[in-house]
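This report concerns only the one structure given below.
The values are calculated or read from the model by the stated rules, or taken from the named source; none is laboratory data. Nothing here was measured: the structure is a model prediction, and the numbers come from that model. Here the Cβ is made from the backbone with ideal geometry for all residues, glycine too, and neighbour counts use every protein chain on show. Note: accessible area is taken over every heavy atom of the protein model, side chains too, but ligands, DNA and RNA are not part of it. Shrake-Rupley method; radii C 1.70, N 1.55, O 1.52, S 1.80 Å.
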Amino acid sequence: MTLRFCGIIGPTSVLVALLFCVPASARDLGAANAVGLFGQSCLSFTGNPSGLREWAARYHLPEGPPPTREGFLHGNQGRVYVASTVYGQMALVSLDKGYCQVVMRQGNVANVQTELRDQLLARHATLNLLLQQDPQRGAAQKIFAYEQGAVHLQLSITAHGISGPVAEVILTSTLPPESSDPPARSPASAGNGS
């Protein structure tokens, strides 16, 4: 029996619920959990840090200890929640300025990209590649325009410390910049998760 990614999680622990809402197949469950958490938190609450923090409290996500927060906040004001599962160490970062991030300490970058594409397609969302920075000095980034109904966001997948297919993977959602002209778009490929 294959389970599907759940769109709405009831009043149980979000991490436990995510474990039961990902497919029981050969998929990378670490990537599925990270993208599932990103969809439940960041895609729903970008630009609404108080809403995100209420959501995290409702699902009993603990805040990270003060010494580790700075490693995620980089001088910005915000909160960091521990969101690790048996499939990997993760953090949910809520910046006061409205940005939202899910950070995987070690993840397969290609699998995260594929999982993001698949879960967004299941939401009937549009994802257009805006910018791709190829790996340099162990880091790479892809930036996308995300649209689902009236929701317009800018998403990015950043990989740091790339060692083969594994890296620290950061999924980020922000409100799109309003003051600049949008860059030329190229559709995201359906075949490789970009």
Practice problem: Sort out which residues of segment 138-165 are outside any strand (DSSP E or B) and either closer than 17 Å to Gln106 by Cα or of a type in the set (Asp, Glu) (or both), and write them in order of number. | Solution: Gly138, Gly164, Pro165
Quiz item: Quick one: which of Ala125, Ala159, Ala140, Ala150 is modelled with pLDDT under 95, more than 30 Å from Pro66 (Cα to Cα) and surrounded by 13 or more Cβ atoms within 10 Å (Cβ to Cβ)?
Solution: Ala125
Quiz item: So which residues in segment 162-177 are open to solvent by less than 50 Å² (accessible area, probe 1.4 Å) and of a type in the set (A, V, I, L, M), if there are any at all?
Solution: Ala167, Val169, Ile170, Leu171
Quiz item: Taking segment 96-113, which residues are open to solvent by 10 Å² or more (accessible area, probe 1.4 Å) and in a helix (DSSP H, G or I)?
Solution: Val109, Ala110, Asn111, Gln113
Practice problem: Please identify the pairs in which a residue from segment 39-54 that is in a loop (DSSP other than H, G, I, E, B) has its Cβ atom under 6 Å from the Cβ atom of a residue that is open to solvent by 40 Å² or more (accessible area, probe 1.4 Å), counting only partners at least 6 apart or on another chain. | Solution: Gly47/Leu175
Quiz item: Going by the conditions given, is Gly64 of a type in the set (Gly, Ala, Ser), surrounded by fewer than 21 Cβ atoms within 10 Å (Cβ to Cβ) and in contact (Cβ under 8 Å) with a residue 40 or more places away in the chain?
Solution: no
Practice problem: Would you mind telling me which numbered condition in (1) in contact with a Pro (Cβ under 6 Å, 6 or more places away or on another chain); (2) buried (at least 19 other Cβ atoms within 10 Å of the Cβ) Val82 fails? | Solution: (2)
Quiz item: Scanning for something open to solvent by 10 Å² or more (accessible area, probe 1.4 Å), over 18 Å from Leu175 (Cα atoms) and among the basic types (Lys, Arg), does segment 39-55 turn up at least one residue?
Solution: no
